[in-house]
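Asker: Below is a structure I'd like to ask you about.
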Amino acid sequence: MRWPAPPANAGLGIAAMSYITVDYLRHLSPAWHSRLQPALWSLLALTAVFRVPSYRHWSAEFRSAIPFIASMLFMLAALLCEMISVRSVTAVLGLDWHLNTPPLPDTGQWLLLALNEKLPTPIVEILRARIIGLHHFLMLFMMLAFSVLFDSVKAPGLGLGARYMFTMAVGRLLRAITFASTILPSARPWCAGSRFRVPGYPHRWAQKYYVPYATDHDAISRVIKLDTAYVDIGKPVGDYQPDWGSMSFLIDFLRPTVSEGPSWYSLLKKAGGGCNDLLYSGHMLVAVLTAMAWTEAYGGFSSALVWLLVMHSAQREIRERHHYTVDCVVAIYVGILLWKMTGFIWSHEATSSNRRLTKFEKIQSRLIQASKDSDIDEVRELLKEIELSNEESKNQTGIKYSRLFRSATIVFALVIVVLAFTLTSDG
């Protein structure tokens, strides 16, 4: 992807960095944060609403509405699969395994500890500071998508949102498949016991296929030679079986306990932050996709700052032992590759050139005739048609319901912003 030229309108970059700065005041001065944050968000929201009447690309937004909704539903389905997988990889081996299994050796964690001894104390404190989190990256993308109202980003904003959510959904599904394939011990051995109520003993599959061969070298060697589970464990310890009706198939994955109540949904709500959903990092996937979207759609110096925030977030994930280094490294290149593969949904290059080329082909003969006649006014009018081609709507239904669509889009977008801001503020 070619690095875009610096944008003529630098307001988006200033607003984004102001948001990060004001939000960090919660650690430096909570009193000032409580005053400035509502004021900043109110100013941004009112500015966006006032720009709605002069926005000229509603026809393009209307065409992107269906892909946007489809991408959102796809992402919600992917998140549901991920939540089930998060609970499953935590519960399948039981709490005893989590408490007794040491973390994997991680050279990235060692390097950061070594740098703490070598670097000046102010730099170390900056590296440790909680400057940015998951909800910040989500908000940065929200601001990027809304900036189509100010012509800072190429329309349609819903197209950009559709690409972001579709890429996120694919990344989340790949992530769930990856961390569920091989269960890695958490870098925080106490994590599972503090976050989840799962049985202390392993699932019956683990009792048969893993536990007899987990520590005995001779047993491991023999199972390799025989290629069969030769140990007879007798009757495996059974799990609690609640009545979940049509959702009872989830019992083997979620392994509920009596103390967690009869609802399967309540278990999934607790899976927002797992312990063994490590390879690769979901937080870093969000950060990288936001940085890729920002770089392609907006560019400029602020994009470099967003990437610096991504790197800062990565080293904090490793430093605080939420993830191993490999989890963050893989998330970075997977996020970059996934974003580059989904340009067919929304692309800054495609929207700025292909549509103009199509419009030019349609009026080419008229433009040639006007040039032969030396009719400068006609040439200007035809060129204006090319510039405004994205604003013209051939869909009469879109024109008829344009006002309703505008209102619904803005209300829906603002509600999503509020929900994202409130429900993800804890990361």
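Asker: Criterion first (within 34 Å of the chain's Cα centre (by Cα), in the same structural domain as residue 186 (by TED's automatic domain parsing), in contact (Cβ under 8 Å) with a residue 40 or more places away in the chain and outside any helix (DSSP H, G or I)) does residue 262 satisfy it? Show your work before the answer.
Answerer: Details: within 34 Å of the chain's Cα centre (by Cα): yes; in the same structural domain as residue 186 (by TED's automatic domain parsing): yes; in contact (Cβ under 8 Å) with a residue 40 or more places away in the chain: no; outside any helix (DSSP H, G or I): yes.
Considered against the rule, which asks whether it is within 34 Å of the chain's Cα centre (by Cα), in the same structural domain as residue 186 (by TED's automatic domain parsing), in contact (Cβ under 8 Å) with a residue 40 or more places away in the chain and outside any helix (DSSP H, G or I), residue 262 comes out as no.
Asker: Whether any residue in segment 18-31 is among the hydroxyl-bearing types (Ser, Thr, Tyr) and touching a residue at least 24 places away in the same chain (Cβ under 8 Å) is what I want to check.
Answerer: The first filter runs over segment 18-31 and keeps only residues among the hydroxyl-bearing types (Ser, Thr, Tyr), leaving 18-19, 21, 24, 29.
Still in the running and touching a residue at least 24 places away in the same chain (Cβ under 8 Å): 19, 24.
Yes, segment 18-31 contains a residue that is among the hydroxyl-bearing types (Ser, Thr, Tyr) and touching a residue at least 24 places away in the same chain (Cβ under 8 Å).
Okay, residues lined up against (1) surrounded by fewer than 18 Cβ atoms within 10 Å (Cβ to Cβ); (2) assigned by TED's automatic domain parsing to the domain that holds residue 165:
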position	(1), (2)
37	yes, no
40	yes, no
76	yes, yes
86	no, yes
92	no, yes
97	no, yes
100	yes, yes
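Asker: Search segment 336-349 for residues that are surrounded by 15 or more Cβ atoms within 10 Å (Cβ to Cβ) and pair each with any residue that is acidic (Asp, Glu) when their beta-carbon atoms are under 7 Å apart and the residues are at least 6 apart or on different chains.
Answerer: Listed by first residue and then by second, the contacts come to 348/296.
Asker: Follow-up question, since we're still on this one. Considering 49, 86, which residue is touching a residue at least 12 places away in the same chain (Cβ under 8 Å) and either among the acidic types (Asp, Glu) or farther than 30 Å from residue 265 by Cβ (or both)?
Answerer: On the way: 86 fails: either among the acidic types (Asp, Glu) or farther than 30 Å from residue 265 by Cβ (or both).
When all the criteria are applied, what remains is 49.
Asker: Turning to a different aspect of this structure: Report yes if residue 321 is at pLDDT below 95 and closer than 30 Å to residue 114 by Cα, otherwise no. Reasoning before the result, please.
Answerer: Details: at pLDDT below 95: yes; closer than 30 Å to residue 114 by Cα: yes.
Yes; evaluated as a whole, the condition is true for this residue.
Asker: Taking into account only those residues within segment 252-280 that are under 18 Å from residue 134 (Cβ atoms) and charged (D, E, K, R), which is modelled with the highest pLDDT?
Answerer: Here the answer is 277.
Residues checked against (1) in the same structural domain as residue 173 (by TED's automatic domain parsing); (2) β-branched (Val, Ile, Thr); (3) assigned to a helix (DSSP H, G or I):
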{"site": "246", "(1), (2), (3)": "yes, no, yes"}
{"site": "256", "(1), (2), (3)": "yes, no, no"}
{"site": "267", "(1), (2), (3)": "yes, no, yes"}
{"site": "274", "(1), (2), (3)": "yes, no, no"}
{"site": "279", "(1), (2), (3)": "yes, no, no"}
{"site": "292", "(1), (2), (3)": "yes, no, yes"}
{"site": "307", "(1), (2), (3)": "yes, no, yes"}
{"site": "317", "(1), (2), (3)": "yes, no, yes"}
{"site": "326", "(1), (2), (3)": "yes, yes, yes"}
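Asker: Look through 164, 213, 240 and report the one residue that is modelled with pLDDT of 90 or more and aromatic (Phe, Trp, Tyr).
Answerer: Details: 213 fails: modelled with pLDDT of 90 or more; 240 fails: modelled with pLDDT of 90 or more.
The unique qualifying residue is 164.
Asker: Where residues in segment 149-161 are of a type outside the set (Gly, Ala, Ser) and in a helix (DSSP H, G or I), which of them is modelled with the highest pLDDT? Give the steps one after another, and end with the answer.
Answerer: Step one: of segment 149-161, the residues of a type outside the set (Gly, Ala, Ser) are 149-151, 153-154, 156, 158, 160.
Narrowing further to those that are in a helix (DSSP H, G or I): 149-150, 158, 160.
Values: 149: 84, 150: 84, 158: 88, 160: 91.
Restricting to residues being of a type outside the set (Gly, Ala, Ser) and in a helix (DSSP H, G or I), the top hit is 160.
Asker: Looking at 174, 115, 111, which is the one that is under 22 Å from residue 289 (Cβ atoms) and part of a helix (DSSP H, G or I)?
Answerer: Details: 115 fails: under 22 Å from residue 289 (Cβ atoms); 111 fails: under 22 Å from residue 289 (Cβ atoms).
None of the others qualify; the one that does is 174.
Asker: Oh, and also: Looking for something loosely packed, with under 13 Cβ neighbours inside 10 Å, under 27 Å from residue 274 (Cα atoms) and not hydrophobic (A, V, I, L, M, F, W, C) - is there at least one such residue anywhere in segment 50-73?
Answerer: Taking every residue of segment 50-73 in turn, none turns out to be loosely packed, with under 13 Cβ neighbours inside 10 Å, under 27 Å from residue 274 (Cα atoms) and not hydrophobic (A, V, I, L, M, F, W, C).
Asker: Further, regarding this structure: Please specify each residue of segment 203-234 satisfying the condition of being surrounded by 14 or more Cβ atoms within 10 Å (Cβ to Cβ) and part of a helix (DSSP H, G or I).
Answerer: Passing the criteria: 204, 206, 207, 208, 209, 211, 212, 213, 219, 222, 223.
Asker: I would also like to ask the following. Does segment 260-276 contain at least one residue that is surrounded by fewer than 16 Cβ atoms within 10 Å (Cβ to Cβ) and either touching a His at 6+ places or on another chain (Cβ under 6 Å) or closer than 27 Å to residue 126 by Cα (or both)?
Answerer: yes
The values are calculated or read from the model by the stated rules, or taken from the named source; none is laboratory data. This structure is a prediction, so every number in the text was calculated from the model and none was measured. Ideal geometry is used to build each Cβ from the backbone, glycine not excepted, and the neighbour counts take in all protein chains shown.
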